[in-house]
Structure formats: structure tokens, C-alpha cells
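Notes follow once the structure below has been shown.
The values are calculated or read from the model by the stated rules, or taken from the named source; none is laboratory data. Here the structure is a predicted model, which means the values were calculated and not measured. All Cβ positions, even for glycine, are placed from backbone atoms using ideal geometry, and neighbour counts span all protein chains on display.
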Amino acid sequence: MPDKPAFDPASLELRQEDDSAQVERARREPQAFGALYDRYVQSIYRYLVSRLRDGEVAKDLTSQTFLTAFEAFPRYRHNGHFPAWLFSIARSKLVDHLRKENRLSGVWLEDTEEDICDPLHEIVQGERIVALRGLIEGLPEEDQELLRLRYVASLSFSDMATLLNRNEDAVKKTLYRLLARMHSQLESKHE
Amino acid sequence: MNNKPEEISPDFEDEIRAALQVPPAETVFVTALRSQILEPQRVHRALPLHTWTRRAGMALFAALLLMTLAVAVIGPQKVWAAVRGWFGYVPGVGFVQGENSLRIVEAPLVQDREGISVTIDEGLADARQTTLHYHVEGIRSEQRPASESDTGCIESPYLSLPDGTRLEAGGGSANGWPSGYNRRDVFPAVPAAVDRFTLIIPCLMDTRPGAAPEDWEFSLQLSPAPQDFHVLPVIEIPTPTLQPTGSLAANPVSSAATFTMQPAAPTETPAIQLQVEKMVELPDGYIFQGSMKGKATAFSPLNFDTYQLQITDAQGKRILFEPIDPPADSQPSGPNRLVWAVQTRGKGYASPLTFSLPSVTLDQPAQASFDLDLGPDPQSGQTWELNQDVTVDNFTLRILSARFDARVDGTYWLSFEMRVDPHEIEGVSLQDLDNHSAKFSGAGGGDGSGSLSQSFSYDYRPQGVRHIQIQRITTYLYGPWTAALDLPAPQRTAEQPEATSADHACLAGVGPGSAPTTLPDGLNGWLIVEGPVAPGKTFPTLFLASLDSSQRTEIGPGGWASLSPDGKRVAYIYSDGMHIFDQASKQDTLLAWSQGQDYHPLWSPDGQRLAFVRGADGIYVTRPDGSDLHRTAGSSPSMLLSGWLPDGNGLLVTRLGNDGSWLQTLDLASGKTEDGLLIDNRKGGSALLSPDGQQVAFSEITFGEKAYGVYLAQLDGSQQRLLASPQAGTSISPAAWSPDGQWLLVSSWDADVNTTANYLIQPDSCQVLRLPDLNGQVTAWVKK
């Protein structure tokens with residue numbers, strides 16, 4: 001196993017708080033949008049890659065997401081959920097793309113390992129991780145989406161709730177139940 | 001509430017992250033996209049929408065006259081080339097193709113449903129594509145998405161042909177405002193045999209599903225373009241004068257730094273040619289389109305910023321231009337060809353024109369690496385002096401130092417300082433190949449003098465030996481490449497004045513330290529300043545400061561601060577609503593009547609009332625105690641607040657709309673508005689009314705410059721002049737008028753280092769002073 005990332009959930013909330021100042025500044029000074037871009041471009045890209053398994057298309061949709069966000073920014077009414085707004089645009093672009101490609105369902109589950117060309121990827125080939133990946137790929141799309149939003153996009157529960165138009169506690173409960181189920185299945189596989 | 005089961009340990013969540021791990025986007029992509037998003041044309045994005053079907057006096061005769069004139073000036077074979085290809089230019093559409101296949105959509109067509117109107121303004125079909133312009137008006141705020149998490153309608157319009165063929169929009173543009181939008185959609189060509197088709201608009205942009213009428217259908221009829229249809233001829237220009245090819249890093253110049261320079265290796269030099277290929281005479285100027293051509297294998301990673309192009313007339317006078325989208329003609333950019341296109345504003349240039357490109361950049365993968373040992377427990381702020389030379393593709397860069405930082409947001413950053421020959425290397429991209437962070441960011445850049453920085457983040461604390469790879473290197477390739485163009489005499493004079501160079505501004509290209517700082521006697525006052533955001537805080541730190549910075553009072557975190565005319569009270573916004581800070585008692589009061597959506601409070605001239613914006617609801621006025629709180633008559637969600645009129649009976653507002661931002665006066669008693677100046681800035685332009693109510697300062701793109709400038713004009717738009725134009729990489733905006741209206745304070749923000757410099761400009765004398773000790777955005781200035 002590689003080093004365990006020292007992940008701090010509190011950092012999500014800090015990021016959300018910091019957004020307010022940047023959003024306010026960007027509202028008055030369009031160039032300040034760059035700070036918001038810097039903060040979220042990798043999250044958006046990673047989220048799209050995780051859905052599409054195609055880096056080039058993910059780049060294209062990342063570009064579209066930020067170009068749209070920049071154009072629509074004057075109409076953005078800040079409610080403290082800038083990442084939720086941004087990801088909703090990314091998800092719209094994704095749906096638009098998949099609709100055009102006639103792959104609104106299913107295809108992204110038909111992933112092959114070869115599609116991912118990433119040296120980092122080689123590091124995490126432990127048996128348990130491989131098993132976990134298999135579990136994830138067998139999940140319904142809505143469960144996969146929850147995992148992606150939390151663990152790829154690093155959204156806070158609050159932003160996830162806003163994005164999914166659900167109650168924050170409900171999102172939290174659903175995710176934790178899902179994790180518990182996955183944990184149980186993983187442990188039983190390794191017994 | 002925490003429902004987390006015990007078995008869900010952080011370790012298990014880390015495993016989930018590892019299982020979902022995907023590679024980060026390359027720094028090159030991230031950096032390029034950032035530039036694209038924030039390029040001035042996009043920030044600007046307020047070019048007027050031209051019409052092409054009802055333009056009086058625009059006859060084919062004019063086109064033929066211009067062609068006849070062109071025959072006389074540049075020779076018959078060139079015009080023959082134009083006719084043979086039959087490319088024309090239609091303002092608002094772009095280049096069109098096919099002499100006999102131009103068809104127009106019979107328009108306008110209007111449909112009204114439930115108070116919303118959709119108007120098909122114009123449409124044009126040629127052999128390549130079909131372009132439709134339409135606009136929508138009347139969308140109400142309640143039809144917009146209620147939450148930022150919902151982007152509303154995302155379905156694109158399409159064309160339905162009689163045989164059931166569906167043509168999807170493949171490009172276009174749109175501009176929106178609170179009550180509507182306009183849109184230009186470009187569809188594939190409608191077959192010549194088809195003259196009737198249907199435009200389907202499944203839903204209106206940015207409306208909630210079901211909230212506004214959906215499934216709009218327009219039956220459109222195509223007719224041959226009439227004889228008087230206005231198409232500007234495109235003059236194709238044969239092979240221009242070609243100048244020497246470039247050389248890699250031909251002018252290495254030693255710098256004072258201690259890095260080791262190695263002579264540039266004898267690299268194969270790509271043969272490059274700059275060409276001007278086409279031109280169009282517009283009513284207000286010209287469009288020139290050209291290309292850089294070179295060997296296919298060496299050319300694909302080449303790039304240049306179109307603003308680097310220099311155009312001069314025969315007398316050496318610089319001609320300002322703006323880059324535009326190149327036409328999608330039969331020879332687009334490819335592996336051995338980079339297409340550029342520019343538009344000028346003005347005519348009557350002394351021919352011939354000279355086009356010159358001093359350098360291009362070459363971006364290529366690199367294979368070089370070095371190790372950095374962070375040790376078992378690196379500490380935030382720890383630095384390592386490396387002073388290590390790394391050779392990459394025969395270029396040498398010196399890695400000066402590395403620094404480790406732990407940030408409050410939970411991320412860890414490694415930053416590298418490097419030194420390169422600024423004439424050889426524009427940038428490098430570093431990466432830690434062993435970085436397996438789920439969250440990942442990177443940043444980097446240079447100051448143009450050879451100092452480069454690059455940093456990237458981890459979402460865990462890295463330790464031990466890190467293998468740092470130089471992934472890409474961007475080097476310079478020097479010309480200059482030049483091309484000359486014999487310019488035919490203009491067919492008619494320009495319809496508007498020539499663009500003004502930023503060189504005429506009072507404050508032009510000025511950076512920190514380059515303006516005097518001594519204040520004249522008698523110039524003083526109180527400023528309210530938004531300083532940097534303190535760690536862990538949401539809002540900037542507000543403080544009151546005397547103009548000379550000798551006195552300073554910190555208020556606390558907040559934004560949108562406004563200082564009462566007597567300087568005693570500060571109204572500002574915090575996350576819980578509007579506050580008032582009393583300077584004498586230091587008492588801070590949350591105004592009970594305020595709401596979380598309130599922002600931009602402004603004190604009335606008598607200090608008795610506050611105007612502010614309440615979310616998407618519009619502009620409100622109240623007394624500070626909440627009495628007489630009301631939405632102002634005539635207010636609309638499209639309005640931004642720009643100031644009070646001096647008599648206190650009205651407001652200056654900015655109405656966002658189809659054309660840009662209209663400055664309007666809003667009479668508080670009647671709600672009547674009156675149009676003033678149109679600002680070519682779709683974000684409002686940060687307009688500031690002078691204390692006497694006669695002049696307005698605002699922010700607008702300067703034609704031909706890659707940045708906003710600060711302008712001054714009378715309220716009706718007359719006597720407009722450029723006051724300040726920033727140096728590259730910074731943005732500048734008007735911040736506050738002095739109480740006597742003699743000075744304008746402008747704030748210049750450098751995004752790269754996140755610092756703000758403030759300047760005073762006296763418009764009448766063009767005197768410029770710098771306020772050295774204020775790192776923050778000034779929002780008000782009152783008498784002391």
C-alpha cells in the first residue's frame with residue numbers, strides 16, 4: 001500500500017468558506033475568477049475523467065464547464081455553494097456529451113484498465129484496491145456518483161446535498177450506508 | 001449530525017479514494033485553459049451584434065465598387081482569386097462561401113408565449129453552414145433555477161428537415177442578461193434542395209424545467225439572397241514578401257544571475273513563413289487573416305500570442321487590432337499551419353502595411369529529473385537551497401530552491417524557484433511522479449526576467465526523497481518574420497474614430513514603485529479598504545485608513561463596505577447580513593432587517609439612507625434602522641447599483657442587457673429611468689459617478705490592449721478618454737472619487753501575486769501618485 005493520505009474533512013469546509021471572498025471578488029473583477037478556476041479545475045477534470053475514462057474528452061468538457069461558468073457568473077447568486085454550482089454545470093456538460101454519444105447509461109461502467117494511462121495508477125494496484133474497484137464498478141450509477149462526488153471531486157456534504165437537491169443528512173446517511181455495505185462485502189471477500 | 005458507522009474508518013475512505021484515483025490534468029492544459037478563460041476578449045465579450053439584412057445603403061454595388069477599386073490597386077489576378085474562391089464576409093456572421101448558394105431566412109419571426117417572446121432576427125445559409133440569430137426577452141426571475149445547483153435548460157436547439165434529418169448546432173455564441181438572451185447558432189448546411197425547415201428550441205436557456213414555455217417551433221423559409229444583399233468581398237492576397245526564417249534562441253543574453261548558461265545546440269531550424277492571406281474592408285476598419293507556415297514535424301508545438309503581432313503603416317505608426325476567430329475556411333490550422341486573424345479599428349493607413357512577429361514559442365515534452373529529499377518530517381516553511389543545474393534538451397535551467405508549505409485548507413505544497421535565460425526559456429512544467437493525491441493543484445509562471453516558479457500540491461504530507469520530473473519545456477524561437485501588404489485605398493471613410501492607443505493614458509503600463517508617493521498638501525481623507533483574507537476567514541479584512549496611511553482602524557472581516565459621508569459609520573456585508581460599524585464607539589451592529597442576499601450598500605449623500613441590492617430581487621432603499629424599507633420603483637433584476645445622484649433623489653444604476661451595460665439614472669420618486677452611457681463591458685464596468693454627478697469613471701477593454709482600462713466620460717458618453725491602462729498581468733478598476741471630485745483613486749490587482757496597488761489620478765492634469773502602504777481594494781473615500 002502507498003502512504004495513506006492524511007485526509008482532513010475539515011479542509012472541505014474551509015475551502016467552502018474561502019470561496020465566499022473569492023466569489024465576491026470575482027463578481028466585481030472578472031479576472032479574479034482565475035482564483036476560483038485554480039481551486040476547482042483539477043477537481044472538475046478528475047470528476048469528468050472518472051466518469052468518462054477519456055482524458056481528452058474530459059479536457060474538452062472541463063474547458064466547456066469553466067467557459068460556461070465564466071459566462072454565467074454574473075447570474076450566479078451566491079448561496080455559499082459555488083462548487084455545487086460548478087459541478088452542476090460539469091454534470092450538464094457531461095449529460096449533453098453522453099446524449100450526443102448515445103451513451104447515457106451503462107457505457108462508463110465498461111471500463112478497461114488499459115484506458116487509464118497514468119503512472120500513479122500503477123502504484124495502487126494492491127489486491128484490496130483492485131477488489132474495491134470491482135465493487136465500485138458493480139454499483140448502480142447513482143451510488144457511483146455519490147462516491148465520485150465525495151472522493152474524486154472532494155465535495156463537502158453540504159455541496160453534495162445542494163448539487164443533488166437532497167437533504168444533507170440524507171446524503172450523509174446514504175453514503176455511509178453505502179460505505180458500510182461495501183466495507184462488509186470487501187471484508188467477506190478477504191476472509 | 002454524524003451518522004458515520006464505526007467501520008467506516010478514514011483508512012477505508014482512503015482506500016475508496018485510491019480505488020477511484022484518476023490522473024490529474026497536465027499543467028500545460030490547466031495553464032492554457034486558464035489563459036483562454038481569462039483572455040480579455042472573453043472577459044470583454046461585448047462585441048456589438050451586427051445585423052445584415054436591413055442595413056440601408058449596403059448594396060451589391062458597393063461590393064462591386066470595392067472589387068473594381070481593388071483591381072486597380074492590387075492587380076486583376078488577386079481579385080480573380082477572390083472571385084474564384086467566392087468567399088465573402090458578412091458582419092455578424094463571418095466568412096461565407098458559395099456565390100450562388102447564399103440564402104437568407106425570411107425574418108423577423110416572433111412568437112409570444114406567456115409573456116416571453118422569441119424573435120428569429122436573421123438567418124443565412126451558405127454552402128458550408130446555416131447561421132441563425134435569435135433573441136429571447138421576458139424571462140422572469142421565478143422561471144430561473146431556484147438554486148445554484150440547477151443549471152436549468154441544457155438542451156440545444158436543432159433544425160429538423162422535411163425528411164426527418166436532424167441538424168445539431170455545432171457552434172455559436174450567446175449573451176445573456178437577467179430577463180433574456182441572444183444567441184447565434186451555427187448548424188450544418190441545409191441541402192440546396194431544401195428551402196423549408198423547422199427550428200426546434202426544446203427549452204429556453206437557463207430556465208427551470210417546466211417553468212417557462214418549452215418546445216418552441218419555428219417554420220423557416222429560405223430564399224435566395226437578394227441582389228442588394230450586403231456581402232463584403234474578401235480579397236485573397238497572393239504570396240507576400242517573405243523574410244528570413246527563425247532560429248532557436250538566437251539571441252541568448254547573459255543575465256546577472258548565477259545560473260550556468262550552455263550555448264544553444266545546433267538544433268534544426270524549422271522554416272517558418274508569416275503570410276497575410278486575406279483582407280476585408282469593414283465599415284470601421286479591416287480584417288486581416290494570415291498564417292504561420294512551417295515544416296509539419298517541427299511546427300505542431302509552435303504557438304504565439306496574436307497580440308505579439310505588430311502591424312505598422314508606411315510611416316511606422318502602430319496600428320491597433322484585436323484578435324478575432326479565424327474564418328473556418330478550406331485551409332484551417334493544421335500540423336504545419338497556424339491561422340491568425342485580427343480586426344483593426346480605423347482606416348486611412350499609409351500603405352504598405354508591415355506585419356511582424358518577433359518570436360514564437362516551442363512547447364515540447366522533456367526528459368529530465370532531479371531528486372529532493374524532504375526528510376521524514378518536513379515542516380511548513382522549510383526551504384532547501386538546491387542551486388542545481390538541470391540540462392533539458394540542450395537548455396540549462398537552475399533549480400534555485402524548494403519550499404514546503406502546509407496550508408490552512410489541508411493541502412501541502414512544494415514550490416520551486418528556478419532561474420533560466422529569459423531569452424531562451426519561457427516556462428517549464430514540474431511534477432512529482434510519486435504524488436498520488438486525490439486532490440491536486442498546480443501553479444507556475446515567470447516574471448519575464450528569468451525567474452520561474454512552479455508549485456504543486458499534495459493532499460497528504462509528502463516525505464522522503466521525491467523524484468521531480470521536468471515534464472515540459474517551452475522555449476523561444478526567434479524571427480522576426482515579416483510580411484508586407486499593399487493596402488488598397490479605402491472604399492469609404494471609417495464610421496467611427498480610430499482606436500486610441502493606451503500610450504495616451506495618464507497611467508499606462510505602470511507597475512509598483514514607478515509613480516511618486518508624496519501627497520500634495522491638503523489632500524487627505526478617510527478610506528475604507530478591503531485587505532487580504534485572513535487565514536480561516538471567509539471575507540476580506542476591512543479597515544479604515546487615512547489617505548496617507550498614518551492612521552488605521554481594523555473593522556474585521558467583511559465586504560462591500562461603504563463609508564458614510566461624515567466618515568463615522570461603515571456599512572458592510574458579512575455572511576449573516578448587513579452590518580454597521582461605528583468608528584467612534586467601535587461598536588458593530590448587525591442590522592436586524594437585513595437578509596443574507598443583501599449586498600452592495602451605498603450611503604446616500606446626506607447619510608440618512610442606504611441603497612443596496614437584495615439578491616435577484618432588485619434595488620432597495622431604507623433608513624439604517626429599517627424604516628421606510630422598500631424596493632425602489634423601476635428597479636429590475638438586471639440592474640447593478642453604481643451610486644447615488646448628488647441630490648439624493650435618484651440613483652445611478654447599470655442595466656445589463658443585449659448591448660453591454662447601460663448606465664441609467666433611476667428617479668426614486670417616479671421609478672423612471674433615463675439612458676446614459678453604454679459601457680462595452682458585460683459585467684457592469686464598475687462605474688463610479690463623480691461627486692458633482694457630471695462624470696463617470698468605468699472599466700472597459702481598451703481596443704488593441706490585452707487588458708481593461710479605466711475610462712472617464714460625461715454621463716451621456718461624450719468626451720470619453722482613457723485614464724489608466726495597466727501593465728500586463730494586472731487588472732485595474734476605478735475605486736473611489738476624492739470628496740472634491742478632483743482625484744480618482746484606481747486599484748490595480750496583480751492576480752499572480754494577489755496584491756493590490758492603489759493610484760491617484762488627477763484627470764485634468766494627468767498627475768499620478770501612488771499610495772504605497774495600502775494592500776487592498778479601496779471602496780470609499782470621504783472627507784477627514
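Scanning region A:162-172 for residues that are assigned to a helix (DSSP H, G or I) and more than 7 Å from chain B (Cβ to nearest Cβ), we see that the one that is surrounded by the fewest Cβ atoms within 10 Å (Cβ to Cβ) is A:Ala170.
Could you say whether any residue in region B:602-613 is among the basic types (Lys, Arg) and modelled with pLDDT under 95? No, that holds for no residue.
Being aliphatic (A, V, I, L, M), part of a strand (DSSP E or B) and under 15 Å from the mean Cα position of the chain (by Cα) is the filter here; which residues of region B:728-750 pass it?
Within region B:728-750, B:Ile732 is the sole residue that qualifies.
Of the residues making up region A:127-161, those that are part of a helix (DSSP H, G or I) and under 17 Å from A:Tyr40 (Cα atoms) are A:Arg148, A:Leu149, A:Arg150, A:Tyr151, A:Val152, A:Phe157, A:Ser158, A:Asp159, A:Met160.
Scanning for something at pLDDT 85 or above, crowded, with 17+ Cβ neighbours inside 10 Å and in a strand (DSSP E or B), does region B:331-338 turn up at least one residue?
no
Candidates B:Gly427, B:Gly410: the one that is within 23 Å of B:Val30 (Cβ to Cβ) and outside any strand (DSSP E or B) is B:Gly410.
With a requirement of 1 or more residues that are closer than 25 Å to B:Ala592 by Cβ and touching a Leu at 6+ places or on another chain (Cβ under 8 Å), the strands (runs of 3 or more DSSP E) lying completely within region B:613-709 that satisfy it span B:618-622, B:639-644, B:650-657. Go through region B:708-725 and give me each residue that's out of contact with any Gly (no Cβ under 8 Å at 6 or more places or on another chain) and either among the polar types (S, T, N, Q) or crowded, with 22+ Cβ neighbours inside 10 Å (or both). B:Tyr708, B:Gly709, B:Val710, B:Tyr711, B:Gln714, B:Ser718, B:Gln719, B:Gln720 - these are the residues of region B:708-725 that are out of contact with any Gly (no Cβ under 8 Å at 6 or more places or on another chain) and either among the polar types (S, T, N, Q) or crowded, with 22+ Cβ neighbours inside 10 Å (or both). Residues of region B:748-755 include none that is touching a Pro at 6+ places or on another chain (Cβ under 8 Å), modelled with pLDDT of 90 or more and crowded, with 21+ Cβ neighbours inside 10 Å. When region B:524-549 is filtered for residues that are at pLDDT 90 or above, over 28 Å from the mean Cα position of the chain (by Cα) and farther than 17 Å from B:Ala757 by Cβ, the ones remaining, listed by number, are B:Asn524, B:Gly525, B:Trp526, B:Leu544, B:Ser546.
Results for (1) in contact with a Cys (Cβ under 6 Å, 6 or more places away or on another chain); (2) at pLDDT 85 or above; (3) among the small types (Gly, Ala, Ser); (4) farther than 30 Å from B:Leu362 by Cα, shown as yes or no for each residue.
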| site | (1), (2), (3), (4) |
| --- | --- |
| B:Ala443 | no, no, yes, no |
| B:Tyr458 | no, yes, no, no |
| B:Pro462 | no, yes, no, yes |
| B:Arg466 | no, yes, no, no |
| B:Ala494 | no, no, yes, yes |
| B:Asp503 | no, no, no, yes |
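Exactly one residue among A:Ala26, A:Ala69, A:Ala58, A:Ala32 is modelled with pLDDT of 70 or more, part of a helix (DSSP H, G or I) and surrounded by fewer than 23 Cβ atoms within 10 Å (Cβ to Cβ), and that residue is A:Ala32.
Return yes or no: is B:Leu591 away from chain A (no Cβ under 14 Å), in contact (Cβ under 8 Å) with a residue 24 or more places away in the chain and closer than 19 Å to B:Trp737 by Cα?
Answer is no for this residue.
Going through (1) part of a helix (DSSP H, G or I); (2) facing chain B (nearest Cβ under 7 Å); (3) modelled with pLDDT under 65 one by one, A:Glu13 falls short only on (2).
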